[in-house]
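Okay, structure first, notes after.
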Amino acid sequence: MHSIPMLHPRTSVPNPLRPLVNRAQAPTPLKARVARVFASAHSQPTGHNAARHLLRRRWSQSALGLAGVLWVSFWPELGAATEFNTLQPAQSTLLFAYKQMNVPMEGRFKTFAAQLHFDPAKPAQGKAVLEAPIASLDTGSDEANDEVGAAAWFNSKKFPTARFESTTIQPLGGNRYEVSGPLTIKGHTRLVSAPVTVAIQGNRAVFDGSFDVRRADFSVGEGTWADFGTVANEIHIKFHLVTTP
Amino acid sequence: MTSGAQYSANAQYTATAKGLHWFMALGLLGLFSLGLYMADLHFSPLKLKLYSWHKWAGVTLFLLALLRLFWRLTHRPPELPGHMTSLERWLAHSGHALLYVLLFAIPLSGWLMSSAKGVQTVYFGLWPIPDLLSKDKSLGDALHEVHETLNWILALVVTGHALVALKHHFVDHDAVLRRMLPGTSGKNRGY
């Protein structure tokens, strides 16, 4: 798990993400304790009594917390497994669907990059950063492609890239996970989450998922295009990511 | 004027045939003009709206063409005037057949073009019409040419159709034009 510096306790302060991750994994008693410690250490009680109580508790908890950090940081090495970190662009797709005059349209990003870290043994500790250049956006029609970089749409000169970064990965049971994190388009950031299905196929891990965004949340389509009667507000984003170790 | 055995100057088209004829004439003129106008517009919400309206109207005219063909096959039209030569008769029948072919071929080419360009036709924004082709840019561009060319052929044939109708009225002084005019009674006006 050394390839996830952002989440690694040895290279950063304990991340608030960690307790969520551990809790969600139906933890062992020790892990549960570690999780509780972190959860309480990061909770924000209000009022004088709560503050004093927290101060008293912090001393006793910090030792336990440190132990937890050390334990968690060494624990991943116990189960050495294959990590799927390399995106196979030719086999992967990033599509979006929308309605134009109530006509279903499909577009895609012709190119996109992903930094992925996924260990099937520790799925919730995975990480995904996706970046898609607006210039590679294919709306499904030539005319719209000529227009899509304009200020009213994506203003690609000023905001050339759409970016998603996962902050939490919660198991939903089986091979399904809820991946959440900020999505930034045209300078606007919104928290999005998507259910993702992971399929391990030999030396490949395939991630499939989709989620909805509203273009108005990102000021995509301004001025005369702001009317949802022509181009609908709802945009359905669908990804199929094929990765290898 | 010669009265052929089956020709009657009193014979009229049915009100349904007249209604379909003139409604579709206006519709085709409107759609043709709209098509020329919208194709050169800069990409805008208006352009998307006009394209959709053009398609909805095209589907409507296609359905009316079906009705019209059914009506034509079940209702014998008035006979051609007896003074027409066999060449003129052949030209008249060929011209009318070509008009019918175009009434179907043009909306079909538009439908195929929409499919190939990846923009499905959703009638009145409510009823999706199945795509006959999958998305294919070069095929879409080719069908665009076909749709445009067929329309120019239609414009030519319709112009000829109208000129010949006027020739019947003003030169031959027969009832060919009058019997298609709305509201014209079956009375012989003396031609």
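The values are calculated or read from the model by the stated rules, or taken from the named source; none is laboratory data. Predicted, not measured: the structure shown is a model, and the values here were computed from it. All Cβ positions, even for glycine, are placed from backbone atoms using ideal geometry, and neighbour counts span all protein chains on display.
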- Message: So if I check each of A:THR197, A:THR224, A:THR189, which one is under 30 Å from B:LEU48 (Cα atoms), assigned to a strand (DSSP E or B) and assigned by TED's automatic domain parsing to the domain that holds A:GLY126?
- Response: A:THR189
- modelled with pLDDT of 95 or more, more than 14 Å from chain B (Cβ to nearest Cβ) and within 25 Å of A:ASN102 (Cα to Cα), is that true of A:ARG214? yes
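Within the stretch B:126-139, how many residues turn out to be touching a Ser or Thr at 6+ places or on another chain (Cβ under 8 Å) and either more than 10 Å from chain A (Cβ to nearest Cβ) or at pLDDT below 95 (or both)?
6
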- Restricting attention to the stretch B:91-124, the residues that are within 25 Å of B:LEU139 (Cα to Cα), within 14 Å of another protein chain (Cβ to nearest Cβ) and among the aromatic types (Phe, Trp, Tyr) number exactly 2
- Selection from the stretch A:101-150 of residues part of a helix (DSSP H, G or I) and either closer than 29 Å to A:THR167 by Cβ or in contact with a Ser or Thr (Cβ under 9 Å, 6 or more places away or on another chain) (or both) yields A:PRO123, A:ALA124, A:GLN125, A:ILE134, A:ALA135, A:SER136, A:ASN145, A:GLU147
- In the stretch A:116-136, which residue that is out of contact with any strand residue (DSSP E or B) (no Cβ under 6 Å at 6 or more places or on another chain) and free of Cβ contacts under 8 Å to residues at least 40 places away in the same chain is surrounded by the fewest Cβ atoms within 10 Å (Cβ to Cβ)? A:ALA135
- Query: Among the residues of the stretch B:147-184, which ones are touching a residue at least 24 places away in the same chain (Cβ under 8 Å) and more than 19 Å from the chain's Cα centre (by Cα)?
  - Reply: B:HIS168, B:ASP172, B:HIS173, B:ASP174, B:ALA175, B:THR184
